[in-house]
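The values are calculated or read from the model by the stated rules, or taken from the named source; none is laboratory data. Keep in mind that this is a model prediction, so the values were computed, not measured. Note that we place each Cβ from the backbone using ideal geometry, even for glycine, and neighbour counts take in every protein chain shown. Please note that ligands, DNA and RNA were not included when accessible areas were found on the heavy atoms of the full protein model with its side chains. Shrake-Rupley method; radii C 1.70, N 1.55, O 1.52, S 1.80 Å.
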Amino acid sequence: MKKINFISIGIVVALMAFATTFSGCLKLQKDYNRVTNVDTIDAHVYTTAWGYIKKRAYGSTTDTIFRRFYDAIIYSGIDTNEYTKPNRTYILLANSTITTASTGVWAKILNGSTAGKSWKSYAAADVKNYLLYLIAQGLYSHYGLHLADVTFTTLAPAGVYTTNPTGFKFPGTFVSNPNSTMIVHVSNANTVTSQLDYPIVINSTINITSSDLEATNGIIQVINSGSSVLTPIIPQ
């Protein structure tokens, strides 16, 4: 009988210890505050588009992603104030998008035969028109775009892309773009293999790789790809 009592007492002590521990866990769980729906990456660049380009071109010796793009702006003679004006969307090209031997801007757009080695291989006026084509009037990001195409006006002069310009080498059949417009939509596909979730697509062919950066004067969209290039062709 005494043996049974010892067992009973042991069970009671064990249950009391479990209850104390469990109540402590409940208290900790009750006091825990979980924060949800908070962005972990700040999309603000805290400067104008022009300030951002300069900073990531020649601002350091390690971060030079827009160096060739900055060089194009200076060489073309475009007014750099265009990159400080408000209510615009700026498409920026990373170095690889410009210089890749067979598929970059120098090889596929601004040359009819052999890719150049610098912007000086091409007419400054052609470079300027192309840069103006990469600036849209209005704000375009995931927050306002949809699956259906939206056409927007760029700063490129109307008429510069009505015929295949001398010195240009657009891939495929040239399609006239008399108003220098651009079409854009958000893809309904989650392209996990390229680490792009529902990317913004321009002219039905080019994906934005870093999207919706918020400059103090507009939206920045970045193309960082050596395998494809944005041309002023509007697919029909």
I98 accessible area, assembled protein chains, probe 1.4 Å, Å²: 0
Region 136-166-region 51-96 distance, computed between alpha-carbon centres (Å): 19
Extension gain from N81 to S121, taking 0.36 nm per residue of separation minus the Cα-Cα distance: 11.9 nm
Distant-in-sequence amide H partners of Q221 (H built 1.01 Å from N, under 5 Å): Y90, I91, L92
Nearest-10 value in Å² for the accessible area of Y198, using the 1.4 Å probe: 110
Of the chymotrypsin sites (Phe, Trp or Tyr not before Pro) in region 107-136, those whose Cβ has at most 16 other Cβ within 10 Å and which sit in DSSP loop: none
